[in-house]
Amino acid sequence: MDFEQIQNELKKTMKKNRYQHVCRVSAVAEQIAEYYHLPVENIKIAGLIHDCAKDYTFAQLNSLINKYKISLNEVERHIPKIWHAYVGAEMAKDIFQIDNQEILDAIRYHSTASVRLGLMGKVIYIADKIEPNRKSIKTKELWQLIWKDIDMAMLELLDRELRYLILKKLVIHPDTLEVRNKIIIDRDF
Ligand SMILES: [Fe+2]
Ligand SMILES: [Fe+2]
């Protein structure tokens, strides 16, 4: 499916506020993609689809996890908040006929982040967190980082996420720690 077909499909199935969120993420991701000369159409599509499973209940997600034979490890079973990302990637293949691995990975890892994310995946991770409705975040400094050094923007957002998870005494997915470590090790701070 192309961007417009996916948009029409999602408009029918998603809750209104969620649909508006994915449109904003798609638009923010497009802006960053243009600056970095990334495949804009693919990024816009990834942004649009990333939360396609977010409106499901945990029970519904559970049955989709079974349907798509997604295997969750012990840690992942204890973080229901991230299930929609794994299910969303499978739905992208199944319903929206996406076979581009970068798009699928961007959707699959938009919640935890991962060292498997390329630049496109990082853009989606970032866009999801800084779209204009996320008011709690100081976006001005982040936008400066995005233009200057996208990995530093990623690191900043990962740190915020980890601080939140620690504060709330929530389980941390190893992928989140692994990608944070990689950014720091690659920099040789
Ligand atoms: Fe999400
Ligand atoms: Fe999102």
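The values are calculated or read from the model by the stated rules, or taken from the named source; none is laboratory data. As the structure is a prediction and not an experimental result, all values here were calculated from the model. Heads up, the Cβs are rebuilt from the backbone with ideal geometry, glycines too, and the neighbour counts pull from every protein chain shown. Surface areas here come from the heavy atoms of the whole protein model, side chains and all, with no ligands, DNA or RNA. Shrake-Rupley method; radii C 1.70, N 1.55, O 1.52, S 1.80 Å.
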Residues of the stretch 150-189 being over 19 Å from the mean Cα position of the chain (by Cα) and acidic (Asp, Glu), which ones? 186, 188
Please identify the pairs in which a residue from the stretch 74-90 that is basic (Lys, Arg) has its Cβ atom under 8 Å from the Cβ atom of a residue that is near ligand 1 (Cβ under 10 Å from one of its atoms) and open to solvent by 10 Å² or more (accessible area, probe 1.4 Å), counting only partners at least 6 apart or on another chain. 81/111
Any idea how many residues of the stretch 8-26 are under 19 Å from residue 96 (Cα atoms) and more than 16 Å from ligand 1 (Cβ to nearest atom)? 4
Of everything in the stretch 96-132, what is away from ligand 1 (no atom under 14 Å from the Cβ), open to solvent by 10 Å² or more (accessible area, probe 1.4 Å) and within 17 Å of residue 142 (Cβ to Cβ)? Give them in sequence order. 119, 122, 132
Quick test for you: out of 186, 159, pick the one residue that is surrounded by 11 or more Cβ atoms within 10 Å (Cβ to Cβ), in a helix (DSSP H, G or I) and among the charged types (D, E, K, R). 159
Of the criteria (1) charged (D, E, K, R); (2) away from ligand 1 (no atom under 16 Å from the Cβ); (3) loosely packed, with under 13 Cβ neighbours inside 10 Å; (4) on the phi < 0 side of the Ramachandran plot, which one residue 69 fails: (4)
Say whether the condition of being open to solvent by 30 Å² or more (accessible area, probe 1.4 Å), more than 16 Å from ligand 2 (Cβ to nearest atom) and under 22 Å from residue 131 (Cα atoms) is met by at least one residue in the stretch 41-56. yes
So is residue 93 open to solvent by 80 Å² or more (accessible area, probe 1.4 Å), assigned to a helix (DSSP H, G or I) and within 25 Å of residue 176 (Cα to Cα) or not? yes
Taking the stretch 97-122, which residues are more than 21 Å from residue 57 (Cα to Cα) and not in a helix (DSSP H, G or I)? 97, 98, 99, 100, 113, 114, 115, 116, 117, 118
Kindly provide the set of residues from the stretch 35-89 that are of a type in the set (Asp, Glu) and within 29 Å of residue 16 (Cβ to Cβ), ordered by number. 41, 51, 55
Pull up the stretch 12-40, narrow it to residues that are at pLDDT 95 or above and among the basic types (Lys, Arg), then point me to the one that is most open to solvent (accessible area, probe 1.4 Å). 16
